[in-house]
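Novice: Pasting in a structure now, in structure tokens, and then I'll have a few things to ask.
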Amino acid sequence: MAIQYNLLSVGYKNSSGLLCRLTPRNAGVTLTYIMEVDIMTIADMKIGTSGKIKKVHGNGALRRRIMDMGLINGTEVSLNKLAPLGDPMELSVKGYKLSMRKEDAKMIELV
């Protein structure tokens, strides 16, 4: 007998996995599983690599500030340097150098 599932909720778990909660139709049991999803962000880049921005996550003033710095969809960015402890990071964007905290860089998804 095949069990049919209803999708109740989908959301990101950490920055690397997708959390899905499924409930069988004729049962009172909720099953939870994690499906790994590769989401590359600027914070995951290695020195000397580059990538193209796919999406800027977040909302409010922080998202607006990031977009005002030129980090918008389709923009090419490259990682030049990291501070000795890894934070902040120096990026090249549209011909200028930009320093950014890793916490903020995790909100910017790359292709």
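Bear in mind that the values in this text are calculations on the coordinates, not laboratory data. All of these numbers come straight from a predicted model, not from anything done at the bench. Backbone-built Cβ (ideal geometry, glycine too); neighbour counts: all protein chains shown.
Novice: Any idea how far apart Lys81 and Lys54 come out in nm if each label point goes 7 Å out from Cα toward Cβ?
Specialist: Distance between the two pseudo-spin positions: 3.0 nm.
Novice: Moving on to the next point. Cα convex hull of segment 42-110: mean projected area in nm², to one decimal?
Specialist: 4.0
Novice: Under a plain spin-label model, where a point goes 7 Å from the Cα along Cα-to-Cβ, how far apart in nm are Arg65 and Ser99?
Specialist: With each label placed 7 Å out from Cα toward Cβ, I get 1.4 nm.
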